[in-house]
């Protein structure tokens, strides 16, 4: 069982930690994907859509990072959409997310941690 990083609040099924005026995504509500999963053949499948901003206690925070191991082992994730506000993806953020077949990552992401997408076999296919 994965030990989740501490978080300050939950919004739209995702955990966030506040750092100054920014928010960092640190995980999801469910072990396998966020709270908006669809069942496909009895297996949860979901799309992770990271927002540009989140609001906590009336204050808006820009989402700038996906934290270390945030979605590690979430095999039910099939697609990930990252907004232009995100500049960093932490170490092992999507480690072992073997179900991901679609990734939208803007050029604003300038730092990708070691093993961030390790085991995402559908993202790194070599041509036949």
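Please find the FRET efficiency linking residue 91 to residue 22, where r is the Cβ-Cβ separation and R0 is fixed at 25 Å, and quote it to the nearest 0.05. For R0 = 25 Å, the calculated efficiency reads 0.85. Within segment 9-112, all pairs of alpha-carbon atoms sorted by distance into 10 Å bins from zero give the percentages 17, 51, 28, 5, 0. The Cα atoms of segment 67-109 define a convex hull whose projected area, averaged across directions, is 2.7 nm². Computed from label points 7 Å out along Cα-Cβ, the spacing between residue 102 and residue 52 is 2.0 nm. Each label was represented as a point 7 Å from its Cα along the Cα-to-Cβ direction; for residue 60 and residue 81 these points are 1.9 nm apart.
Per-residue Cβ neighbour counts within 10 Å put 57, 84 in the sequence 57, 84, beginning with the fewest. Of the beta bridges in segment 9-112, as assigned by DSSP with both residues counted there, near 50 percent are antiparallel. For residue 11 and residue 121, a Förster radius of 35 Å and the Cβ-Cβ distance give a FRET efficiency of 0.70, rounded to the nearest 0.05. Ordered by the number of other Cβ atoms lying within 10 Å of each residue's own Cβ, fewest first, 123, 14 fall into the sequence 123, 14.
Bear in mind these aren't lab numbers, they're just calculated from the coordinates by the rules spelled out. Because the structure is a prediction, the values reported are computed rather than measured. Neighbour counts are summed over all protein chains in view; Cβ atoms, including those assigned to glycine, are modelled from backbone coordinates with ideal geometry.
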